[in-house]
Amino acid sequence: MGQIALSNVSKAYYTSRKKDEARIVLKDVNIDIEKGEFVSLIGPSGCGKTTMLNLIAGFEGPTLGEVRFNGNPIEGTSPERGVVFQEFSLLPWFSVLSNINLALECKNVPEKERSAISMKALETVGMENFADYRPNLLSGGMKQRVAIARLLAMDSEVFLMDEPFSALDEQTRAKLDNDIVRIWKEKRKTVVFVTHSIDEALLVSTRIILLSKSPGEVIKEWKLDEKLNRDPMSYDMIKIKKEILALMPTCSCSN
Ligand SMILES: Nc1ncnc2c1ncn2[C@@H]1O[C@H](COP(=O)(O)OP(=O)(O)OP(=O)(O)O)[C@@H](O)[C@H]1O
Ligand SMILES: [Mg+2]
């Protein structure tokens, strides 16, 4: 069993309009993720990618099946499994440094140790000169760097990233993609990364998992050796991209 294991996982929601009618959003999903993998989840809008991250984060539980972390059923959130959301998620009335210190406080790190740990994490993402800034003075890319630094400071084993760079312009996104790969190579964290961009998934991942339209099921997955040439024009990248495009379902929105 991998570090993260989803076994026969289904998830249903009951909508307020039709109380007795369950809406199945994930169906019989089996995924094993080994420690240190960089896994991207791709699939049409509404297929259950965020739901899957929420299950791994422990924000909610599956309706059927089991989600395990290091062999134990996940029962609630834990700093071991940190999340970077698409929307910038810093507290606006605290400085960058205090935002990270606060996360360390929740993890019961002694007060006198917090700032040194937070500053080290900010250095890793190149944000050490902005420690005293309030989030509203930062660009979107900078805010996401701080969100990544927060997970680094918490020493999360797993980084759950839900379209973390999709609100950014192309150049900033490319820069952050390279940064997250650099940090992953340095720290060997497990990353579960949701993206709508096949190109981004091809650039960053060691495995890409394609989900069907709603209810989300695994259609196919591709392993990408770390040493593979990630040039988008290389033979391997074009080949995998074509395969993904051929299988990529259209939007789930009408379901
Ligand atoms: N708390 C909830 N209650 C009811 N339905 C929900 C809830 N959360 C998600 N859903 C539904 O579950 C389905 C999957 O949603 P989810 O957000 O996981 O999709 P997604 O693949 O992340 O989509 P996108 O790519 O647009 O972000 C959607 O139809 C959504 O409406
Ligand atoms: Mg989503």
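Here is how the numbers come out for the structure above:
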read-out: For the chain: relative contact order, % (alpha-carbon pairs under 8 angstrom, 6 or more apart); value: 26 percent
read-out: In the range 29-106, chymotrypsin sites (Phe, Trp or Tyr not before Pro) in a DSSP loop with at most 10 other beta-carbon atoms within 10 Å; value: 93
read-out: Relative frequency of Cα-Cα separations exceeding 20 Å in the range 30-179, percent; value: 51 percent
read-out: Overall dimensions of the chain as given by Cα atoms, namely Rg and Dmax in Å; value: 18.5, 55
read-out: Where only C-alpha atoms are counted, convex hull volume of the range 87-156 per residue in Å³; value: 78 Å³
read-out: 188, 114 arranged by Cβ crowding within 10 Å, fewest neighbours leading; value: 188, 114
read-out: Sum of side-chain charges, residue 92 neighbourhood, beta-carbon under 12 Å (Lys, Arg +1; Asp, Glu -1); value: +2
read-out: Residues 226, 37, 170 arranged by fewest to most Cβ contacts within 10 Å; value: 170, 226, 37
read-out: Hz values of 3J(HN,Hα) by residue in the range 167-178 - Karplus curve (6.51, -1.76, 1.60), Gly and Pro given as x; value: 8, 9, 5, 4, 5, 5, 4, 4, 5, 5, 4, 5
read-out: ³J(HN,Hα) computed for each position of the range 201-208 - Karplus, 6.51 cos²θ - 1.76 cosθ + 1.60, integer Hz, glycine/proline x; value: 4, 5, 6, 9, 8, 9, 8, 10
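Computed from the coordinates by the stated procedures, all read-outs in this text should not be read as laboratory data. Just so it is clear, the structure is predicted and the values come from calculations on it, not from any experiment. All Cβ positions, glycine included, derive from the backbone under ideal geometry; neighbour counts span all protein chains shown.
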